[in-house]
Every structure is written in C-alpha cells, then in structure tokens.
Amino acid sequence: MGGQAEEISSSREAANNALVLAFGRLQGAANRLEYLLGRALESECGITHLMFEVLLILGRAGEPGLAMRAIAQEQVLTTGGVTRLVDRMEAAGLVERTEDPGDRRGRLVRLTPLGEETAVRASRVHVANIRRYFLEPLPPEDRDRFAEDLRILSHSARAELPRLP
C-alpha cells in the first residue's frame, strides 16, 4: 500500500493518501460498528457498551474481583472515570465492591448474580450483532485472517501505551 509521507505536498494529496484513507476507513468502521452494537446493547439489555466491557473484564477475572486500577488499565480510562462508571453499575445492581483479601484497605469490584446474568444475556445479543454487522459483510475466506490482523494491531498499539500509575 503506497502513501509515503514524503509524497504529501497538498491537502488534496493528504486527503487521498492511501494510508490516510485506509486508517480513516478503519476508524469509520469501528465508530459505526460501536454505535450499532452499543445501541443494541442499550435497547435490548439496558447497559452501555462500556458497561458491557467492564462486565466482560470482571467475568474474565473471576473471584475475588478486580481493583479499580486494574479495570482502568484494561479499559484505558482514568481511575476517576472507572469509579464513576462502577458507581452507576453498582447502583444498577450489576457489580458490588468487596474487601480485598490481600489488602485490608483495598476494595475489589466483582459481578453480582444480576451482573453475571446481564453479561450472558448481553453477550448473546452482542455475538448475534457481531455476526450480522462484522462478519457477514466480509468474504468467508477472509474472516479468520482479518480477525488475526486486528488482534495483532490491538496488541501492537497496547504495547505502545503508557501504563497508568
């Protein structure tokens, strides 16, 4: 794929640069898919996409739960942002804060039974919509390679991010 930075000498060339266009398409697809899939989670399950992501993080972690900092690092959010999100999720009965067995002053967040049930129900909705909007438009022979390429990009970008203090 062409598109060297040196080739760009006008706004028209910038706008038509193959790499700029490819990345713009990736961003556009991600934003549109996030909107479609997030809207379905909200209308069918009553949770935001970000709440769903936290349910998945906590489900993956299992017992005894995770510290706010660990959730923040997984979601690339500030600890304050995660605290506000967890407050809303706790008020909805999806998660609970418990004492950290390894740190008397620490608190962990874990799923409630309603959170577990919501994670399962939302995952079923989400998987059906991923198939519909993310997989079905792609040629079947390209799907596995595309998923692997996205995994590589995600891990590569994650390795470049600073860790939260």
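The values are calculated or read from the model by the stated rules, or taken from the named source; none is laboratory data. Quantities reported herein were computed from a predicted structural model and do not represent experimental measurements. Cβ coordinates were reconstructed from backbone atoms using ideal geometry, including for glycine residues, and neighbour counts include every protein chain displayed. Accessible surface areas use protein heavy atoms only, side chains included; no ligands, DNA or RNA. Shrake-Rupley method; radii C 1.70, N 1.55, O 1.52, S 1.80 Å.
Within region 60-71, take every residue that is crowded, with 16+ Cβ neighbours inside 10 Å and over 16 Å from the mean Cα position of the chain (by Cα) and give me the one that is modelled with the lowest pLDDT. Restricting to residues being crowded, with 16+ Cβ neighbours inside 10 Å and over 16 Å from the mean Cα position of the chain (by Cα), the top hit is MET68. Within region 87-98, being out of contact with any Ser or Thr (no Cβ under 7 Å at 6 or more places or on another chain) and open to solvent by less than 60 Å² (accessible area, probe 1.4 Å) holds for MET89, ALA92, ARG97, THR98. The criterion of at least 2 residues that are touching a residue at least 40 places away in the same chain (Cβ under 8 Å) and closer than 20 Å to LEU26 by Cα is met by the following helices (runs of 4 or more DSSP H) wholly inside region 64-165: 113-130. Of everything listed in (1) in contact with a Lys or Arg (Cβ under 9 Å, 6 or more places away or on another chain); (2) open to solvent by 60 Å² or more (accessible area, probe 1.4 Å), the single unmet condition for PRO101 is (1).
Each row is one residue, and each column tells you yes or no for (1) over 27 Å from ARG121 (Cα atoms); (2) in contact with a strand residue (DSSP E or B) (Cβ under 9 Å, 6 or more places away or on another chain); (3) at pLDDT below 95.
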{"site": "GLY3", "(1), (2), (3)": "yes, no, yes"}
{"site": "ALA29", "(1), (2), (3)": "no, no, no"}
{"site": "GLU44", "(1), (2), (3)": "no, no, no"}
{"site": "ILE47", "(1), (2), (3)": "no, no, no"}
{"site": "LEU58", "(1), (2), (3)": "no, yes, no"}
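GLY24 meets each of the listed conditions (1) in a helix (DSSP H, G or I); (2) open to solvent by 100 Å² or more (accessible area, probe 1.4 Å) apart from (2). A search for C-beta distances below 8 Å between a residue of region 37-58 that is more than 15 Å from PRO113 (Cα to Cα) and open to solvent by 50 Å² or more (accessible area, probe 1.4 Å) and any residue that is outside any helix (DSSP H, G or I) and of a type in the set (D, E, K, R), counting only pairs 6+ apart in sequence or on different chains, returns nothing.
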